[in-house]
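Structure, as structure tokens:
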Amino acid sequence: MSQIKALEAIPDVSFIGDTTLQQVQETMLRDYVSEYSRITGESVELAPADPMRLVLQATSLLLYQALQGVERAGRQNLLKYAEGGALDNLAALRNCTRLPAQKATTTLQFTINPQPVIVNIPGGTRVVTESGVYFATTEYVEIPAGAQTADAPAVALIEGDAGNGIPAGTAMEIVDPLPYLAGAINTVQTAGGSNVETDDELTERVFRAPGAFSVAGPAAGYEYFARRFRSDIADVKVFSPAPEQVTVLFLLDGGALPNESDLRAMEDYLSDGAIRPLCDKVTAAAPAEQDYSIDLTYYINRSDRARADAVQAAVGQAVESYKSWQRTLGRDVNASELIQRVMAAGAKRVEIRKPAFASVDENKIARLASQEVVYGGLEDD
């Protein structure tokens, strides 16, 4: 089921009237007793172990499974519930298709000892990182006579986000040996790799697709197209700082900020004549960050001492989930949410020193500056 708040607010619908297995069993038993009496003129009472009661129960289970199939088939026609292929077909009605996985890109700089001749580096020359991610150049380049370096654009050989985040300046091993080449590094951090668009991400785009029925003038239109840029776009905020100027803030999956390459690519994409109104000047930007800290001590009921290790692990996961939840554009720093998650993980009580509540502007995002989570021990219930 979709995680979009607007869709969550829509009432649930049942195509079988929320019928339960117990209701099916009771109906079959009641109908059997009624029909038996009508045909024979005799009343019948089926004991719990009566073979006929067991047959009716087994049959009712098959009928209930069929009803569940009807329920699912009906719900797959609604955006709130649709998933997989059904969602893809709903998306097609809004001219949306699931975004495929993308490969990470970078720029490689090859180094040689100066030579009196031109050194050729053909397209497709491969390098590999220490972590085992392969990249290949996408075009032919030359190192002029007497020069030491040449830069070439490169793309990962695997799709997905595994090729992202390799810092600029990382040394890479040359897989395809070429004369005179001494080494290679990436001059910009690798970025742009993304996985196949998930059901939740596609549902979000389908829900916002009406914003694209005209040019991208409305904020909703720019947001729709920004989300269509790549499947790893996690959050988008559009505003106009001045007439005819549009700023598009966006985040990547996991709350990561876009780098310079991501920003330029987004600007180029949104500036396409089929998207951007003629007079708009579009700027893509990363949101400003507002620091907050986590500093708390939690305690566990003594009666829960047998599972204290599990509770501590659950609290750690709760803190991590809070950090992910907090990493959303314009979301206020809210200690109450953190307390609620830690308590739900099994803590008896929480002493929280940080964070204090803090408002976050809609064009900013909270960033964790420091974290101190202390287990205070067992306490009497």
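Just so you know, all these numbers are worked out from the coordinates, no wet-lab data involved. This structure is a prediction, so every number in the text was calculated from the model and none was measured. Every residue, glycine among them, receives a Cβ derived from its backbone with ideal geometry; neighbour counts consider all protein chains shown.
A Förster radius of 41 Å, combined with the Cβ-Cβ distance separating Asp309 from Val196, puts the computed FRET efficiency at roughly 0.65. Test of understanding: in a Gaussian network model of the chain with alpha carbons linked when under 10 Å, which of Ala369, Ala184, Ala91 would top the mean-square fluctuation ranking? For the chain, modelled as a Gaussian network with Cα springs under 10 Å, the answer is Ala369.
The alpha carbons of the chain stretch over 110, 56, 52 Å along the principal axes, in descending order. In the stretch 199-286, the DSSP beta bridges split such that about 60 percent are antiparallel, to the nearest 5. Computed from the C-beta positions of Ser336 and Gln68, the FRET efficiency with R₀ = 45 Å rounds to 0.70.
Counting only alpha carbon atoms, the long axis of helix 335-344 and the longest principal axis of the chain meet at about 50°. Panel order for Phe250, Phe207, by other beta carbons found within 10 Å of each beta carbon, from fewest to most: Phe207, Phe250.
Among Leu56, Leu378, a tally of other beta-carbon atoms within 10 Å of each Cβ gives an order, fewest to most, of Leu378, Leu56. Residues whose amide H lies under 5 Å from that of Val248, counting only those 5 or more places away or on a different chain, are Thr283, Ala284, Ala285; hydrogens are built 1.01 Å from N in the peptide plane.
Which one of Ala49, Ala168, Ala156 has the biggest mean-square fluctuation once the chain is modelled by GNM with Cα springs under 10 Å? Largest GNM mean-square fluctuation: Ala49. Per residue, the Cα convex hull of the stretch 222-285 amounts to 71 Å³. Projecting the Cα atoms of Tyr180, Ala154, Leu270 onto the charge dipole of the chain (Cβ charges, centred on the Cα centre) puts Leu270 farthest toward the positive pole.
Shown is the FRET efficiency for Ser240 and Ala285, computed with R0 = 22 Å from the Cβ-Cβ distance and rounded to the nearest 0.05: 0.95.
Against the main long axis of the alpha-carbon atoms of the chain, helix 84-93 sits at an angle near 70°.
Where both bridge residues fall in the chain, DSSP classifies roughly 70% of the beta bridges as antiparallel.
Computed from Cα atoms, the angle from the helix 308-326 axis to the main principal axis of the chain rounds to 60 degrees.
Using a simple spin-label model with pseudo-atoms 7 Å out from Cα toward Cβ, Asp361 and Ala147 lie 4.3 nm apart. Counting 0.36 nm for each residue step from Arg38 to Leu378 and taking away their Cα separation leaves a gain of 115.7 nm.
Within the listed set Gln76, Gln326, Gln115, the Gaussian network model of the chain (springs between alpha-carbon atoms below 10 Å) gives the highest mean-square fluctuation for Gln115.
DSSP loop GluC sites (Glu not before Pro) in the stretch 13-106 with at most 12 other Cβ atoms within 10 Å of their Cβ, which ones? When the GluC sites (Glu not before Pro) of the stretch 13-106 are filtered for loop state and at most 12 Cβ neighbours within 10 Å, Glu42, Glu45 remain. Partners of Lys281 within straight-line reach, counting aspartates and glutamates whose Cα lies under 19 Å from its Cα and excluding those fewer than 8 residues away in the same chain: Glu223, Glu244, Glu260, Asp262, Glu267, Asp268, Asp272. Counted by neighbouring Cβ atoms within 10 Å, the residues Ile352, Ile10 run from fewest to most as Ile10, Ile352.
Straight-line cross-link partners of Lys354 among the aspartates and glutamates, defined as a Cα under 16 Å from its Cα and at least 8 positions apart when in the same chain: Asp291, Asp295, Glu320, Asp332, Glu337, Glu372.
Note on the stretch 5-81: with charges restricted to the Cβ of Lys and Arg (+1) and Asp and Glu (-1), its dipole about the Cα centre is near 380 debye.
Among the trypsin sites (Lys or Arg not before Pro) in the stretch 26-83, none sits in a DSSP loop with a Cβ that has at most 14 other Cβ atoms within 10 Å. Bridge orientation summary for the stretch 289-379: considering DSSP beta bridges with both residues in this region, about 35 percent are antiparallel.
Taking a straight line from the alpha carbon of Lys5, these lysines sit under 18 Å away, with near neighbours fewer than eight places off in the same chain left out: Lys80, Lys237. Close amide H pairs (under 5 Å, H built 1.01 Å from N) link Lys364 with Gly330, residues at least 5 positions away or on another chain.
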